[in-house]
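The values are calculated or read from the model by the stated rules, or taken from the named source; none is laboratory data. Treat the numbers as computed from the prediction; the structure is a model and nothing was measured. Note that each Cβ is placed from the backbone with ideal geometry, even for glycine, and that neighbours are counted across all protein chains shown.
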Amino acid sequence: MEDFEERLSAALTRGLSGFEELVAVRRLSGGASQETYRVEIVANGTSQTLAFRRAAGGGSPDRSGLNPGPGLAGEARLMEVAREAGVPEPEVFFVLEEGDGLGEGFLMAWLEGETLGGKILKDPALEAVRPTLAFECGRVLARIHGIDPKATGLTALLDTQTTREYVERLWAGYRSYDTPQPMIDFTARWLLDHLPDAIYDTPRLVHNDFRNGNLMITPDGITAVLDWEVAYLGDPVRDLGWICTNSWRFGRHDQPVGGFGSREALLEGYEAESGIRITSDHLRWWEVFGSFWWAVGTLQMAAMYRGGVDASVERPGIARRSSECQVDCANLIIPGPVELVEEGTAASSLDMPRSDELLESVRDFLRNDLRGRLKGRDAFLSLVASNSLDIVLRELTLGPAHVAAERLRLLALVDGEAGEPIDGLRRRLSTGLRDGSIPLELPGLADHLRATVVNQLAIDQPRYSGLAAALAANGANEG
C-alpha cells in the first residue's frame with residue numbers, strides 16, 4: 001500500500017497543477033472489473049477530494065473479452081466529449097501514463113450524490129426526484145446518441161458492430177466457456193430470428209452500461225453518467241433496453257426503468273430531446289438482449305476465476321447470477337406455468353455436526369461476526385462470501401430433486417440414454433439449439449427451459465424478483 005501511495009503521489013505531482021500533498025486514499029466497495037478510489041489531497045493550499053479510476057489490479061483492461069471497450073484513456077475521452085454535449089459528467093483532470101507505474105487509469109473530480117441503485121430507490125431525500133428520473137434518463141440518452149462520432153474522433157476510438165454482430169459475438173464468447181446453458185442458446189436463436197431495424201442511418205455512440213447503479217443522483221436529478229468502459233458504436237436503443245432490464249430494478253419489478261419509472265416516460269423523454277419515437281417492440285428486443293448479455297457476462301466472471309485472472313471471492317458469486325438473467329429471458333419470451341421442486345434433507349456422511357451445520361457456522365461467522373469488524377471493501381467481500389455459502393446450503397436441499405427432474409425432461413427431449421450423465425444431456429440440447437437441429441418450437445422445450453432456470457434460481461437467489469414474476473404471472477404456487 002505504501003508503494004501504491006508513493007506512486008499515486010508522484011502521478012499527482014506530474015499531472016495536477018498546484019498539487020502539494022496526498023492525505024488519504026481509500027478503495028470503494030464494488031467494482032468487479034475496475035477499481036475506484038476516493039483520494040484526499042491538498043492542492044493550492046486547499047483540501048480537495050478526487051476520484052481515481054484504474055484497471056483491476058493496476059494493469060490494463062482485458063480487451064480480448066466479450067466487451068473490449070476503449071480502455072481507460074478512451075473512457076476519460078468519452079466523458080470529456082459527453083460533458084461537452086451537455087451530458088452530466090465530472091471533470092477529468094488527467095490520464096495516467098506508463099511511467100506512473102499504476103496501470104491504466106485517470107483522475108477526475110469527486111461529485112457528491114448517490115450511486116447505489118437500491119439506495120436511489122429508497123432514500124427519502126430522493127423521493128421528490130424519483131418520479132422524474134425515467135424521463136430525464138430518456139433526455140440524457142438522446143444527448144449521448146446525438147453526439148457525432150466522426151466529428152469527435154470516436155470513430156477511431158471505438159469498435160463498431162451491427163446488432164447481429166453483437167449477438168453472434170456474445171454467443172461465440174459464451175460457447176468458449178464450455179459451460180452449456182440451453183436457455184442462453186435458445187435466447188440467442190430467438191434474438192437472431194427477431195432482429196430489429198435500426199432507427200439511425202449510421203452507428204451512434206452507445207454507452208452500453210447505462211443503468212441504475214451507473215448514475216449519480218441527487219435531489220436535483222442526474223449529476224453524472226458513470227462507467228463508460230464498454231462503450232461502442234451501434235444501435236443506441238441498446239441503452240434504453242439496458243436500463244429497463246430487470247437486473248437493474250433492484251426488486252421493483254413494477255417499475256421497469258431502473259426500478260423508478262415507466263417505459264413510456266423513458267420514451268417520452270427520449271422523443272422530447274431527439275424527436276425520435278422508439279417503438280415498444282424495438283425496446284423489448286433490447287430488453288431481452290440485456291438479460292442475455294448479462295447472463296453471458298456473469299459466466300465470464302466464472303471463467304476469470306477459474307483461469308486465475310482474478311481469484312477473488314466476488315467472481316464466482318457474480319457468476320451464479322446467470323440464472324437470474326436466464327429467468328428474465330424466459331419471462332419475456334417463453335412465459336408459462338412452472339413448478340418448484342420440493343425441498344429435501346441435506347445429505348451428510350456424518351452427524352457430528354453435519355455438513356450443513358458446518359457451512360452455517362462459517363456463514364454466520366462471516367456475516368454476523370467478521371463483517372462488523374471490517375470496513376470498506378473487506379466488509380463487502382465478507383457479505384459476498386456468506387451469500388455464496390447460502391447458495392451451497394440451498395443446493396444441498398433443493399439440488400438433488402432439481403437435477404433429477406431436469407434429467408427426466410432432458411432424456412425425453414434429446415432421446416438420451418438412462419445412464420447418460422446430466423452434463424452430457426445438457427450439452428446435447430445446447431448443441432442442437434446451436435446448430436439448428438432442435439427447433440425453438442419443439443414440443444416440451446419451452447416448458448423444460450422454464451422449469452430448469454426457475455428451479456436453478458430458487459437455489460441461486462430466491463429473493464430475486466424474476467422468480468416471483470415467473471411464479472405469479474403463471475398462477476403457480478410458490479409454496
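The table that follows gives values for the structure above.
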quantity	calculated
Residue that is surrounded by the most Cβ atoms within 10 Å (Cβ to Cβ) [pool: residues in the range 315-355 that are touching an Asp or Glu at 6+ places or on another chain (Cβ under 6 Å) and assigned to a loop (DSSP other than H, G, I, E, B)]	ARG320
Single unsatisfied condition, ALA151 versus (1) among the aliphatic types (A, V, I, L, M); (2) under 26 Å from LEU267 (Cβ atoms); (3) assigned to a loop (DSSP other than H, G, I, E, B)	(2)
Count of the range 361-408 residues which are assigned to a helix (DSSP H, G or I) and under 30 Å from ARG27 (Cα atoms)	30
Test: LEU195 is in contact with a Lys or Arg (Cβ under 9 Å, 6 or more places away or on another chain) and over 19 Å from ARG284 (Cβ atoms)	no
Candidate set: the range 398-447, residues that are under 28 Å from the mean Cα position of the chain (by Cα) and aliphatic (A, V, I, L, M); chosen: the one surrounded by the most Cβ atoms within 10 Å (Cβ to Cβ)	LEU429
Residues located in the range 409-443, provided they are modelled with pLDDT of 95 or more, more than 17 Å from CYS329 (Cα to Cα) and assigned to a loop (DSSP other than H, G, I, E, B)	GLY436, SER437, ILE438, PRO439, LEU442, PRO443
The listed residue being under 29 Å from PRO462 (Cα atoms), surrounded by fewer than 20 Cβ atoms within 10 Å (Cβ to Cβ) and modelled with pLDDT of 95 or more, out of SER312, SER262, SER291, SER274	SER262
Answer residue from the range 154-180, given it is in a helix (DSSP H, G or I) and aliphatic (A, V, I, L, M) and is farthest from LEU332 (Cα to Cα) among those	ALA156
Failed condition for TYR305, given (1) within 18 Å of the chain's Cα centre (by Cα); (2) of a type in the set (Phe, Trp, Tyr); (3) within 24 Å of GLN255 (Cα to Cα)	(3)
Selection count where residues are assigned to a strand (DSSP E or B) and among the aromatic types (Phe, Trp, Tyr), scope the range 213-244	1
Tally of residues being of a type in the set (Val, Ile, Thr) and surrounded by fewer than 22 Cβ atoms within 10 Å (Cβ to Cβ) across the range 192-229	5
Residue check for ARG306: at pLDDT 90 or above and either of a type in the set (A, V, I, L, M) or within 30 Å of LEU191 (Cα to Cα) (or both)	no
Pairs with Cβ under 7 Å, 6+ apart, first in the range 356-369 and surrounded by 15 or more Cβ atoms within 10 Å (Cβ to Cβ) and modelled with pLDDT under 95, second among the aliphatic types (A, V, I, L, M) and outside any helix (DSSP H, G or I)	ASP356/ALA346
The range 181-199, subset in a loop (DSSP other than H, G, I, E, B) and at pLDDT 95 or above, residue farthest from PRO236 (Cα to Cα)	GLN181
Test: residue in the range 244-264 that is among the β-branched types (Val, Ile, Thr), in the same structural domain as TRP190 (by TED's automatic domain parsing) and touching a strand residue (DSSP E or B) at 6+ places or on another chain (Cβ under 7 Å)	no
Which listed residue is modelled with pLDDT of 95 or more, among the hydrophobic types (A, V, I, L, M, F, W, C) and over 19 Å from GLU342 (Cβ atoms), from LEU389, LEU393	LEU389
Unmet criterion (only one of (1) touching a Leu at 6+ places or on another chain (Cβ under 9 Å); (2) touching a residue at least 24 places away in the same chain (Cβ under 8 Å); (3) within 24 Å of VAL296 (Cα to Cα)) for GLU343	(3)
Filter pass, ASP310 being assigned to a loop (DSSP other than H, G, I, E, B) and acidic (Asp, Glu)	yes
Residues located in the range 449-459, provided they are surrounded by fewer than 22 Cβ atoms within 10 Å (Cβ to Cβ) and either touching a Pro at 6+ places or on another chain (Cβ under 8 Å) or among the charged types (D, E, K, R) (or both)	none
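Condition check ((1) buried (at least 18 other Cβ atoms within 10 Å of the Cβ); (2) of a type in the set (Gly, Ala, Ser); (3) in contact with a Lys or Arg (Cβ under 6 Å, 6 or more places away or on another chain); (4) at pLDDT below 95) across all residues:
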site: PRO88; (1), (2), (3), (4): yes, no, no, no
site: GLY99; (1), (2), (3), (4): no, yes, no, yes
site: GLU112; (1), (2), (3), (4): no, no, no, yes
site: LYS122; (1), (2), (3), (4): no, no, no, no
site: LEU126; (1), (2), (3), (4): yes, no, no, no
site: PRO131; (1), (2), (3), (4): no, no, no, no
site: GLU136; (1), (2), (3), (4): yes, no, no, no
site: HIS145; (1), (2), (3), (4): yes, no, yes, no
site: PRO149; (1), (2), (3), (4): yes, no, no, no
